[in-house]
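Before any comments, here is the structure.
The values are calculated or read from the model by the stated rules, or taken from the named source; none is laboratory data. Owing to the predicted nature of the structure, the values given are computational and were not obtained by experimental measurement. Note: ideal-geometry Cβ built from the backbone for every residue, glycine included; neighbour counts use all protein chains shown. Areas reflect the complete protein model, heavy atoms only, side chains present, ligands, DNA and RNA absent. Shrake-Rupley method; radii C 1.70, N 1.55, O 1.52, S 1.80 Å.
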Amino acid sequence: MPDLPLVECVPNVSEGRDPVVIAALAAAIRDVPGVRLLHVDPGADAHRTVFTFAGEPEAVGDAAVALARTVAAHVDMRHHHGAHPRLGALDVCPFVPMRGVSLDRCAMVARRVAATIAHDVGMPVYLYEAAAFRSDRRALPALRRGEYEGLAARLSDPAWSPDFGPRVVHPSMGAAIVGARPFLIAWNLSLDTADAHIATQIARRVRASGWTSVVNGQRVRLPGRLPAVRAVGWEMPSYGQAQVSLNLLDFHTTAMHEAYRVVSEEAAALGASVIGSELVGLVPLEALRASGRVALGTAAAGASDAALVDAARQMLGLDAVHPFAPRARVLEWALADASGP
């Protein structure tokens, strides 16, 4: 895709266990001309699959619509239970500018997609981040509060009317959240314990929004240690581990190695250790370069990208859950390989 404007789309679908359904969802994306499906990342415990694809803005928007229609045919929220918070079957669908495209243009694509799937599927759709019409709807956690099970109560409040579609829960789809945002790194740090309470305590202390506590008889919110980071804690039974699940909203503000260090410190304070990590989806090359430079120190001068990425892999324990394949997991390399000669 040389010289063409590029948009990335990273929809999160509430199905992570049925390989036949996941294959059908991937095919819906792959069949849209001008789009490259870069990665499919299912998680059984989260019961969620993250798809990453890229292309020119309108083609990517068309692929997101095709995915939504296929999700409606295959996924039923009435039978869904998983570790990850979710509002619906197509839980969140962000558009991300990659090259030659502004965030405002991505917001326009997001609004077109949101209006189309609300009409075609007959479901409520909320807009978030740069695509939001209202400032109080920019943050994803605020829109997802109450999850699918609380959606009917939320929709009964006129203040929470969807941006598109009916004010009625779609029985099988719930509601969707569509938006535009910069790059985000979704990343889970594994602990040497299966105690989800410890992971939750760590998440509260590191996330930017912090936690509430009683100080001098008053309930106050205390800030977390990592700016531009969201975090939750959960148990992954299939791994036998608890994890601190991070969203790095801006890796220039909080780098991966800094987040790893701070989570490790908080884990140690609770008698636990971080034993490694796993990425969800893809990661920008520069994020791993930055951590690789820290890992190599003075030896980083003149180091190749491959050497920097490998140093970051070791420093961050990216092989802890699954083998880390750089060509498949680094966004720019995956895109180059998918585009072909």
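Just one of the listed residues (Arg112, Arg167, Arg105) is at pLDDT 95 or above, part of a loop (DSSP other than H, G, I, E, B) and of a type in the set (Lys, Arg), and it is Arg167. Taking segment 196-229 as the range and being touching a Pro at 6+ places or on another chain (Cβ under 7 Å) and closer than 21 Å to His84 by Cβ as the test, only Ala208 passes.
Residues in segment 32-46: is at least one of a type in the set (A, V, I, L, M, F, W, C), assigned to a loop (DSSP other than H, G, I, E, B) and touching a Gly at 6+ places or on another chain (Cβ under 6 Å)? Among the residues of segment 32-46, at least one is of a type in the set (A, V, I, L, M, F, W, C), assigned to a loop (DSSP other than H, G, I, E, B) and touching a Gly at 6+ places or on another chain (Cβ under 6 Å), which makes the answer yes. Within segment 308-325, the set of residues being modelled with pLDDT under 95 and hydrophobic (A, V, I, L, M, F, W, C) comprises Ala320, Val321. Within segment 143-152, can one find any residue that is part of a helix (DSSP H, G or I), modelled with pLDDT of 95 or more, over 22 Å from the mean Cα position of the chain (by Cα) and over 26 Å from Ala242 (Cα atoms)? Yes: segment 143-152 contains one or more residues that are part of a helix (DSSP H, G or I), modelled with pLDDT of 95 or more, over 22 Å from the mean Cα position of the chain (by Cα) and over 26 Å from Ala242 (Cα atoms).
Might you let me know whether segment 249-259 holds any residue that is in contact (Cβ under 8 Å) with a residue 60 or more places away in the chain, under 21 Å from Ala194 (Cα atoms) and in contact with a His (Cβ under 9 Å, 6 or more places away or on another chain)? Looking for residues that are in contact (Cβ under 8 Å) with a residue 60 or more places away in the chain, under 21 Å from Ala194 (Cα atoms) and in contact with a His (Cβ under 9 Å, 6 or more places away or on another chain), one finds none in segment 249-259, hence no.
Which of the helices (runs of 4 or more DSSP H) found entirely inside segment 278-341 contain at least 2 residues meeting this: basic (Lys, Arg)? Break it down stepwise before answering.
Numbers: elements: 285-296, 305-316, 326-329, 331-339.
In segment 278-341, 285-296, 326-329 are the helices (runs of 4 or more DSSP H) which contain 2 or more residues that are basic (Lys, Arg).
Counting only residues that are open to solvent by 10 Å² or more (accessible area, probe 1.4 Å) and either under 13 Å from Pro284 (Cα atoms) or without any contact (Cβ under 8 Å) to a residue 24 or more places away in the chain (or both), segment 314-333 holds 9 of them.
Just to be sure before I move on: is Ala336 open to solvent by 50 Å² or more (accessible area, probe 1.4 Å), farther than 17 Å from Ala186 by Cα, aliphatic (A, V, I, L, M) and at pLDDT below 95 in the structure I sent? Talk me through it step by step, then tell me what you get.
Values: open to solvent by 50 Å² or more (accessible area, probe 1.4 Å): yes; farther than 17 Å from Ala186 by Cα: yes; aliphatic (A, V, I, L, M): yes; at pLDDT below 95: yes.
Judged against the criteria, Ala336 is a match.
Residues of segment 140-169 that are touching an Asp or Glu at 6+ places or on another chain (Cβ under 8 Å) and either without any contact (Cβ under 8 Å) to a residue 40 or more places away in the chain or exposed (fewer than 13 other Cβ atoms within 10 Å of the Cβ) (or both): Ala142 alone.
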